[in-house]
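Trainee: Below: one structure in structure tokens.
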Amino acid sequence: MIISTKRFGEIEINEESIIDFPGGILAFEDQKRFIIIDNGDKNNSFQWFQSLENPELSFVIINPFLFKKDYDINIPDSVVNKLKINSPKDIAIYTIVVVPEDIKNTTANLSGPIIINCKERLGKQIILDDKRYTTKYPLFQNQGQGE
């Protein structure tokens, strides 16, 4: 399948890589289908979360455990049921990253993770009611401080 994207132009994707988000994502509830695009650099942890309905809409994402080893979330039972999660091995967790002009100020939204059941190709963004996490966690300012 060929899709159009603003960032990558036309690219070919495997239809099995499409992830359905029945409720969309926050502020983009009408966007129901996404794919994850690798950056092309095997040493780069960042990926792209691309809408299939809107070629203009993509987000930089990252696995939060790569920079916050003690990240600890509880996925509500309602989400486990909606995403048909049977095993923790089937789950991928990502956070949306904001990359400003000064890359040193890059932040990740730890309070709004994206949960994906990789086996069922279903996803949902959840909001954590956990004061330990913020929408603007600095990615680079805490390096080397045991996190």
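Trainee: If we scan segment 47-55, do we find a residue that is closer than 16 Å to GLY123 by Cα and in a loop (DSSP other than H, G, I, E, B)?
Mentor: Yes, segment 47-55 contains a residue that is closer than 16 Å to GLY123 by Cα and in a loop (DSSP other than H, G, I, E, B).
Trainee: Kindly indicate whether SER111 is in a loop (DSSP other than H, G, I, E, B), among the hydroxyl-bearing types (Ser, Thr, Tyr) and either under 20 Å from PHE28 (Cα atoms) or touching a His at 6+ places or on another chain (Cβ under 6 Å) (or both). Even if it seems obvious, please write down each step before you answer.
Mentor: Values: in a loop (DSSP other than H, G, I, E, B): yes; among the hydroxyl-bearing types (Ser, Thr, Tyr): yes; either under 20 Å from PHE28 (Cα atoms) or touching a His at 6+ places or on another chain (Cβ under 6 Å) (or both): yes.
It is true that SER111 is in a loop (DSSP other than H, G, I, E, B), among the hydroxyl-bearing types (Ser, Thr, Tyr) and either under 20 Å from PHE28 (Cα atoms) or touching a His at 6+ places or on another chain (Cβ under 6 Å) (or both).
Trainee: Can you go through SER87, SER58, SER78, SER45 and tell me which one is buried (at least 16 other Cβ atoms within 10 Å of the Cβ) and without any contact (Cβ under 8 Å) to a residue 60 or more places away in the chain? Spell out how you get there, then give the answer.
Mentor: On the way: SER87 fails: buried (at least 16 other Cβ atoms within 10 Å of the Cβ); SER78 fails: buried (at least 16 other Cβ atoms within 10 Å of the Cβ); SER45 fails: buried (at least 16 other Cβ atoms within 10 Å of the Cβ).
On inspection, the qualifying residue turns out to be SER58.
Trainee: So, one more: Please give the number of the condition ILE19 fails out of (1) modelled with pLDDT of 95 or more; (2) in contact with a Pro (Cβ under 8 Å, 6 or more places away or on another chain).
Mentor: Answer for ILE19: the failing condition is (2).
Trainee: If you scan segment 9-42, which residues turn out to be on the phi < 0 side of the Ramachandran plot, part of a loop (DSSP other than H, G, I, E, B) and free of Cβ contacts under 8 Å to residues at least 40 places away in the same chain?
Mentor: Filtering segment 9-42 for residues on the phi < 0 side of the Ramachandran plot gives 10-23, 25-26, 28-39, 41-42.
From what's left, part of a loop (DSSP other than H, G, I, E, B): 13-14, 18, 21-23, 26, 29-32, 39, 41-42.
Matches in segment 9-42: ILE13, ASN14, GLU29, ASP30, GLN31, LYS32, ASN39, ASP41, LYS42.
Results for (1) over 17 Å from SER111 (Cβ atoms); (2) among the aromatic types (Phe, Trp, Tyr), shown as yes or no for each residue.
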site	(1), (2)
ILE11	yes, no
GLY23	yes, no
ARG33	yes, no
TRP48	yes, yes
ASN63	no, no
ASP70	no, no
LYS84	yes, no
LYS89	yes, no
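Trainee: A further question on this structure: Six or more apart or on different chains, Cβ under 7 Å: which pairs go from a residue in segment 103-120 that's over 15 Å from ILE62 (Cα atoms) to one that's among the aromatic types (Phe, Trp, Tyr) and surrounded by fewer than 21 Cβ atoms within 10 Å (Cβ to Cβ)? Could you list them?
Mentor: LYS104/PHE140
Trainee: Suppose we keep only residues that are outside any loop (DSSP other than H, G, I, E, B) and aliphatic (A, V, I, L, M) within segment 58-88. Which one would you say is modelled with the lowest pLDDT? It would help to see each step written out before you state the result.
Mentor: Let us first name the residues in segment 58-88 that are outside any loop (DSSP other than H, G, I, E, B), namely 58-62, 64-66, 77-82, 88.
With aliphatic (A, V, I, L, M) added as a condition, the list becomes 60-62, 66, 79-80.
Numbers: VAL60: 95, ILE61: 97, ILE62: 96, LEU66: 92, VAL79: 95, VAL80: 95.
Out of the qualifying residues, it is LEU66.
Trainee: Go through (1) within 10 Å of the chain's Cα centre (by Cα); (2) closer than 15 Å to GLY23 by Cβ for PRO76 and report which single condition fails.
Mentor: It is condition (1) that PRO76 fails.
Trainee: Now for a different question. For segment 92-139, give me each residue that is of a type in the set (Val, Ile, Thr) and either surrounded by 16 or more Cβ atoms within 10 Å (Cβ to Cβ) or touching a Pro at 6+ places or on another chain (Cβ under 6 Å) (or both).
Mentor: Filtering segment 92-139 for residues of a type in the set (Val, Ile, Thr) gives 93, 95-99, 103, 106-107, 114-116, 126-127, 134-135.
Of everything in segment 92-139, those that are of a type in the set (Val, Ile, Thr) and either surrounded by 16 or more Cβ atoms within 10 Å (Cβ to Cβ) or touching a Pro at 6+ places or on another chain (Cβ under 6 Å) (or both) turn out to be ILE93, THR95, ILE96, VAL97, THR106, THR107, ILE114, ILE115, ILE116, ILE126.
Trainee: Would a scan of segment 93-100 turn up a residue that is in contact with a helix residue (DSSP H, G or I) (Cβ under 8 Å, 6 or more places away or on another chain) and either more than 21 Å from ILE35 (Cβ to Cβ) or among the charged types (D, E, K, R) (or both)? Please lay out each step first, then the result.
Mentor: Going residue by residue through segment 93-100, those that are in contact with a helix residue (DSSP H, G or I) (Cβ under 8 Å, 6 or more places away or on another chain) are 93-95.
Keeping just the survivors that are either more than 21 Å from ILE35 (Cβ to Cβ) or among the charged types (D, E, K, R) (or both) gives none.
No, segment 93-100 contains no residue that is in contact with a helix residue (DSSP H, G or I) (Cβ under 8 Å, 6 or more places away or on another chain) and either more than 21 Å from ILE35 (Cβ to Cβ) or among the charged types (D, E, K, R) (or both).
The values are calculated or read from the model by the stated rules, or taken from the named source; none is laboratory data. Fair warning: this is a prediction, and the values are worked out from it, not measured in the lab. Cβ atoms come from the backbone with ideal geometry, glycine included; neighbour counts cover every protein chain shown.
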